[in-house]
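J.: Here's a structure for you.
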Amino acid sequence: MNARPTPGVPILRLGDVLVTGLLNELDDATVVAFTEELTTRITADRARGVLIDISRLEIIDSFVARTLMELTTMARLLGARVIVAGMRPPVAMTLAELGLRLAGVETALNAEHGMAALGWHQSPRPSGEVPHEGTR
Amino acid sequence: MKGPGEYGGTGRAGTTTLNGRGPERSGAPAESTVLTVRTEQDLLAIRHAVRDATLQVGFSIVDQTRVVTAASELARNAYVHGGGGTIRIEYPTRPGAVGLRLTVDDAGPGIADIDAALTDGYTTGAGLGHGLGGAQRLMDEFEIRTRDGGGTTVTVTRWADR
């Protein structure tokens with residue numbers, strides 16, 4: 001299997017974690033190609049974790065929801081844990097009203113929390129640096 | 001390539017007066033539009049058009065998300081089960097409220113058992129079976145008509161208080 005890179009959806013490797021994100025302008029074909037490429041990369045890079053940032057998604061309909069659930073299942077079968085991070089609150093409300101629970105899909109408030117759950121932690125701050133708030 | 005000076009010039013002038021942010025609503029109701037549902041690209045174009053329409057009505061961000069999601073489900077139904085069709089976007093009004101109405105029309109085989117089709121988890125295709133029932137819950141009004149000779153029309157409306 002030789003999945004072609006999905007246009008506009010880079011997949012980065014950080015140690016044994018793959019980091020990627022979905023863009024709002026995804027059509028169905030791109031979503032399917034993305035699933036294929038990600039599963040190929042999990043095997044090729046021997047990834048143990050996958051972080052999918054979805055903070056750019058303005059809606060999640062049942063097609064995208066199904067894709068996320070299938071992706072999670074496929075990754076688990078390949079030995080990797082998927083965390084979907086950064087869902088917008090209106091998207092969460094709409095999904096709940098649609099009756100879609102994203103069963104089996106692990107979520108995190110944002111990419112930082114997701115990476116922490118996958119074993120990545122912030123380096124200690126250099127002494128003397130002023131802490132700042134509100135990096136979006 | 002266009003030079004930067006060519007953007008934001010004459011291209012936008014005169015076509016529309018909405019500022020894309022709401023909640024300013026002019027008294028004049030906007031014209032209805034009809035889009036075709038033939039390809040996957042059309043599904044994306046419909047999401048854009050419906051998002052713009054929700055901004056024009058002045059919906060909250062949550063209502064915008066509800067309506068665009070419902071539109072996506074219904075358009076996909078027409079594309080997958082109905083072999084394509086059309087979606088009409090209208091701006092109904094009633095005392096004290098403005099709304100957005102979507103009418104999705106397809107020429108597919110029709111729905112044999114509407115009650116079953118509205119039940120979560122029921123599907124005859126590859127989806128999750130939440131499309132129709134979900135769209136019903138996301139909108140204020142929902143009406144579905146299916147004809148013996150084929151074809152299904154779903155009309156949904158969401159209202160925003162002025």
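The values are calculated or read from the model by the stated rules, or taken from the named source; none is laboratory data. Just so we're clear, the structure is a prediction, and the values are computed from it rather than from any experiment. Using ideal geometry, Cβ is built from the backbone for each residue, glycine included, and neighbour counts are taken over all protein chains shown.
J.: Scanning for something free of Cβ contacts under 8 Å to residues at least 12 places away in the same chain and hydrophobic (A, V, I, L, M, F, W, C), does the stretch A:42-50 turn up at least one residue? Lay out the reasoning, then the answer.
T.: Residues of the stretch A:42-50 free of Cβ contacts under 8 Å to residues at least 12 places away in the same chain: A:44.
So of that shortlist, the ones also hydrophobic (A, V, I, L, M, F, W, C) come out as A:44.
Scanning the stretch A:42-50 turns up at least one residue that is free of Cβ contacts under 8 Å to residues at least 12 places away in the same chain and hydrophobic (A, V, I, L, M, F, W, C).
J.: Could you please give the count of residues in the stretch A:4-41 that are in contact with a Gly (Cβ under 8 Å, 6 or more places away or on another chain) and either in a helix (DSSP H, G or I) or buried (at least 20 other Cβ atoms within 10 Å of the Cβ) (or both)?
T.: Looking only at that region, the number is 3.
J.: Here is a follow-up. Going by what's in this entry, would B:GLU141 be described as crowded, with 17+ Cβ neighbours inside 10 Å, more than 18 Å from A:ALA65 (Cβ to Cβ) and of a type in the set (Asp, Glu)?
T.: Numbers: crowded, with 17+ Cβ neighbours inside 10 Å: no; more than 18 Å from A:ALA65 (Cβ to Cβ): yes; of a type in the set (Asp, Glu): yes.
Judged against the criteria, B:GLU141 is not a match.
J.: Just to verify a result, which residue in the stretch B:42-60, among those that are in contact (Cβ under 8 Å) with a residue 60 or more places away in the chain and away from every other protein chain (no Cβ under 11 Å), is farthest from B:ARG88 (Cα to Cα)?
T.: Here the answer is B:GLY58.
J.: Right, B:ARG147: out of contact with any Ser or Thr (no Cβ under 7 Å at 6 or more places or on another chain) and at pLDDT below 90 or not? Can you show your working first?
T.: On the way: out of contact with any Ser or Thr (no Cβ under 7 Å at 6 or more places or on another chain): yes; at pLDDT below 90: yes.
Against the criterion (out of contact with any Ser or Thr (no Cβ under 7 Å at 6 or more places or on another chain) and at pLDDT below 90), B:ARG147 qualifies.
J.: Could you list, ordered by first residue, the pairs with Cβ atoms under 6 Å in which the first is in the stretch A:88-113 and more than 16 Å from B:ALA71 (Cβ to Cβ) and facing chain B (nearest Cβ under 10 Å) and the second is assigned to a helix (DSSP H, G or I) and among the β-branched types (Val, Ile, Thr), at least 6 apart or interchain?
T.: A:MET93/B:VAL62
J.: What is the one condition in (1) in contact with a Lys or Arg (Cβ under 7 Å, 6 or more places away or on another chain); (2) modelled with pLDDT under 90 that B:THR157 does not satisfy?
T.: B:THR157 satisfies all of (1) in contact with a Lys or Arg (Cβ under 7 Å, 6 or more places away or on another chain); (2) modelled with pLDDT under 90 except (2).
J.: I need the full set of residues from the stretch A:44-70 which are facing another protein chain (nearest Cβ under 10 Å) and part of a helix (DSSP H, G or I), in order please.
T.: Scanning the stretch A:44-70 gives A:SER62, A:PHE63, A:VAL64, A:ALA65, A:ARG66, A:MET69.
J.: What's the number of the condition A:THR73 fails, among (1) in a helix (DSSP H, G or I); (2) within 16 Å of B:GLU73 (Cα to Cα)?
T.: Looking at each condition in turn, A:THR73 falls short on (2).
J.: Here's something else I'd like to know. Taking into account only those residues within the stretch A:40-71 that are among the polar types (S, T, N, Q) and at pLDDT 95 or above, which is nearest to A:ALA96 (Cα to Cα)? I'd like the intermediate steps shown before the answer.
T.: From the stretch A:40-71, those among the polar types (S, T, N, Q) are A:40, A:43, A:55, A:62, A:67; that's our starting set.
If we keep only those that are at pLDDT 95 or above too, we end up with A:40, A:43, A:55.
Working: A:THR40: 31, A:THR43: 33, A:SER55: 17 Å.
The extreme case among them is A:SER55.
J.: Quick one: in the stretch A:76-86, of everything that is surrounded by 20 or more Cβ atoms within 10 Å (Cβ to Cβ) and in a loop (DSSP other than H, G, I, E, B), which residue is farthest from the other protein chains (Cβ to nearest Cβ)?
T.: Taking the stretch A:76-86 first, the residues surrounded by 20 or more Cβ atoms within 10 Å (Cβ to Cβ) are A:80, A:82-86.
If we keep only those that are in a loop (DSSP other than H, G, I, E, B) as well, we get A:80, A:86.
Numbers: A:ALA80: 23, A:GLY86: 15 Å.
For the stretch A:76-86, the residue satisfying everything is A:ALA80.
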